[in-house]
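The values are calculated or read from the model by the stated rules, or taken from the named source; none is laboratory data. If you're wondering where the values come from, they're calculated on a predicted model, not measured in any experiment. Backbone-built Cβ (ideal geometry, glycine too); neighbour counts: all protein chains shown.
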Amino acid sequence: MAGRVVYALGEFDVPLGGIRIATEHVGLLVGAGVDAYRWTPTPGFRYSWFADDVPTLSGLEIDLSEDDILVIPEIEVLPHRDPAPGARKVIFNQAYFLTFVACPDVDNYPGWAGETAIWTVSRESVEVLGGAIPHVRPQLIPNPVDAELFGPADVRAPSIAWMARKRPGESVLLRRLLRNDPRCAGVELREIRGLSHGEVAELMSTTSVFIAMGSPEGESFGLPIAEALASGCLVTGYASGGGAELFDAPGTWAVPDLRTAMLADQALDLVHRPDLEQARVDGRKWVAERYSRGVTTEALLRAVEQTRALPGAASRATHPIVWEAEEIQPFFAAARASLEAAETGE
């Protein structure tokens, strides 16, 4: 394919799944023969919390040719800040509930001249965005799950794991409900905090039950659920919007949002169910069939081909970090503070 695909991403030192998925897109495209790059302004920048070796571009501005495609995260979109006038552009939407945070009153989203494509990550995202932005048809690119990294260990401990940073307050309540139940005797409670991607995979491989809590705002997909299933965990928890499709998998039990006592009860029931070993196997197979790197790559190549059909021109592109301090950074600062507080337990 002619032309480059360039993903403009922020430079964050805390784990954010959307950053990792976008970076993995670059790697998958490169592996398929596409000239793809991640664009982060600082020369030599690499993320420290996952394996990061994709080709990169740096600088606050870069030149795009008429054949290039620029990919921008949904939270970076501002209606009066076109990052590359005239160029082919994609909004990679991994958080449909944040789509209009920075541009709530734009009728012709994103408010830039010309056509802009939207790529997204779940059936729910496609439906929501299709209704909210009817003049653009979102393209579904299923998230990839690394079934080699996330897999079952030979021995699985009686244990329940969840990501405490998603809902730190409810996490404290959940832990108390679990540990005060007589069924919790001999069950290890694993709050996932501050671990690298590889360390999470190692912990999941020996976990019996994973509790999906999700962010209070919602999830466009809920990648930890898919990774837990790939690891052979039984899963219970909140679908949180985009995660609903994952609860079609064998070995999953959805619980209504904020029913914390019900959540604890379901997890403790599952951890003592030796009759569900086949459900673990079936859940892993189900994920591998639907969310493999091959499936993601095929969807990406289709999306790139369709996006190349849009009009495009050479352009001088400005990285969105230039106007973060002015209009976007307040949101990121609040998100960062929330994540750091959750990690430290404050």
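Pairing residues of the stretch 177-206 that are without any contact (Cβ under 8 Å) to a residue 40 or more places away in the chain with residues that are among the polar types (S, T, N, Q), at Cβ distances under 7 Å and at least 6 apart in sequence or on separate chains, gives GLU188/SER159; ARG190/SER159; ARG190/THR207; GLU191/SER171. The residue pairs whose first member lies in the stretch 1-19 and is crowded, with 20+ Cβ neighbours inside 10 Å, whose second member is of a type in the set (Ser, Thr, Tyr), and whose beta carbons are closer than 6 Å, counting only pairs six or more residues apart or on different chains, are VAL6/TYR37; LEU9/THR40.
Of the residues screened, GLY251 is not one that is in contact (Cβ under 8 Å) with a residue 24 or more places away in the chain, under 12 Å from GLY214 (Cβ atoms) and touching an Asp or Glu at 6+ places or on another chain (Cβ under 9 Å). On inspection, LEU178 qualifies as assigned to a helix (DSSP H, G or I) and touching a strand residue (DSSP E or B) at 6+ places or on another chain (Cβ under 7 Å).
Within the stretch 179-188, being out of contact with any Leu (no Cβ under 6 Å at 6 or more places or on another chain), farther than 18 Å from VAL155 by Cβ and among the hydrophobic types (A, V, I, L, M, F, W, C) holds for one residue alone: ALA185. Taken together, the criteria exclude ALA261 from residues that are touching a Phe, Trp or Tyr at 6+ places or on another chain (Cβ under 8 Å) and either in contact (Cβ under 8 Å) with a residue 60 or more places away in the chain or not in a loop (DSSP other than H, G, I, E, B) (or both). Cβ-Cβ distances below 8 Å connect the following pairs, each with a first residue in the stretch 125-142 that is farther than 16 Å from GLY241 by Cα and modelled with pLDDT of 95 or more, a second residue that is among the hydroxyl-bearing types (Ser, Thr, Tyr) and surrounded by 14 or more Cβ atoms within 10 Å (Cβ to Cβ), and a separation of six or more residues or different chains: PRO138/THR120; PRO138/SER125; GLN139/THR120; ILE141/THR120; ILE141/THR296.
Residues of the stretch 124-164 being of a type in the set (Asp, Glu) and under 30 Å from GLY114 (Cβ atoms), which ones? Spell out the reasoning first.
Within the stretch 124-164, the subset of a type in the set (Asp, Glu) is 124, 127, 146, 148, 154.
Answer for the stretch 124-164, where residues must be of a type in the set (Asp, Glu) and under 30 Å from GLY114 (Cβ atoms): GLU124, GLU127.
Any residue at all in the stretch 193-204 that's in the same structural domain as SER231 (by TED's automatic domain parsing), touching a Ser or Thr at 6+ places or on another chain (Cβ under 8 Å), on the phi < 0 side of the Ramachandran plot and surrounded by 14 or more Cβ atoms within 10 Å (Cβ to Cβ)? Yes, because at least one residue in the stretch 193-204 is in the same structural domain as SER231 (by TED's automatic domain parsing), touching a Ser or Thr at 6+ places or on another chain (Cβ under 8 Å), on the phi < 0 side of the Ramachandran plot and surrounded by 14 or more Cβ atoms within 10 Å (Cβ to Cβ). Report whether or not GLY312 is in a loop (DSSP other than H, G, I, E, B), in the same structural domain as ASP67 (by TED's automatic domain parsing) and buried (at least 17 other Cβ atoms within 10 Å of the Cβ). Criteria met by GLY312.
Scanning the stretch 182-193 turns up at least one residue that is at pLDDT below 95, assigned to a strand (DSSP E or B) and aliphatic (A, V, I, L, M). Residues in the stretch 32-83 that are within 22 Å of the chain's Cα centre (by Cα), basic (Lys, Arg) and surrounded by fewer than 20 Cβ atoms within 10 Å (Cβ to Cβ): ARG46 alone. Residues in the stretch 248-275 that are within 26 Å of the chain's Cα centre (by Cα) and among the acidic types (Asp, Glu): ASP248, ASP257.
Where residues in the stretch 121-151 are small (Gly, Ala, Ser) and in a helix (DSSP H, G or I), which of them is surrounded by the most Cβ atoms within 10 Å (Cβ to Cβ)?
This residue is SER125.
Is there a residue being surrounded by fewer than 20 Cβ atoms within 10 Å (Cβ to Cβ), of a type in the set (A, V, I, L, M, F, W, C) and in contact (Cβ under 8 Å) with a residue 40 or more places away in the chain anywhere in the stretch 208-227? No, the conditions are met nowhere in the stretch 208-227.
Considering the conditions (1) surrounded by fewer than 17 Cβ atoms within 10 Å (Cβ to Cβ); (2) within 19 Å of TYR291 (Cα to Cα), PHE247 is excluded by exactly one of them, (1).
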